[in-house]
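For reference, the structure discussed in these notes is given below.
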Amino acid sequence: MSITTTQRVKIEVLVDAPLVRLVVAAAKEAGVTGHTLLRALGGEGSGGAWREDRVTGAADTKLVFLTVTTADAADRLVEALTPLLDSYRLIVWRSPVEVIRSERF
């Protein structure tokens, strides 16, 4: 049996929790029809190491906004997020993916 796949684009955005509403609004405006939010526990990059601090309730909790969408919607979303990259310290990844059941994306 052969499985049919369709090309789509995966967008991931590392975002501070208080700003996730901006990313979700930009995604909806871009025509993205669904997303998932994942809690990020910590990491390290050019700005140094960070980790979620659930003990003190620090507001720097980070989330990963994840969506799989069409290339056109991905282009619109990335274009909308680009001016926010520096001011809101967003990290954006864009990857080609193959999906099964393309009508869901």
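Do we have any residue at all in region 42-58 that's over 13 Å from the mean Cα position of the chain (by Cα) and either part of a helix (DSSP H, G or I) or at pLDDT 80 or above (or both)? No, that holds for no residue. When region 79-105 is examined, which residues are found to be under 11 Å from V32 (Cβ atoms) and either within 13 Å of the chain's Cα centre (by Cα) or assigned to a strand (DSSP E or B) (or both)? Matches in region 79-105: A80 only.
How many residues does region 60-78 hold that are surrounded by 13 or more Cβ atoms within 10 Å (Cβ to Cβ) and part of a helix (DSSP H, G or I)?
Step one: of region 60-78, the residues surrounded by 13 or more Cβ atoms within 10 Å (Cβ to Cβ) are 61-70, 73-78.
Still in the list and also part of a helix (DSSP H, G or I): 73-78.
Summing the residues that are surrounded by 13 or more Cβ atoms within 10 Å (Cβ to Cβ) and part of a helix (DSSP H, G or I) in region 60-78 gives 6.
Inside region 1-32, residues that are in contact (Cβ under 8 Å) with a residue 40 or more places away in the chain and either in a helix (DSSP H, G or I) or exposed (fewer than 13 other Cβ atoms within 10 Å of the Cβ) (or both) make up a count of 15.
The values are calculated or read from the model by the stated rules, or taken from the named source; none is laboratory data. Everything quoted here is computed from the prediction, not taken from an experiment. Don't worry about glycine lacking a Cβ; one is built from the backbone with ideal geometry, like all the others, and counts go over all protein chains shown.
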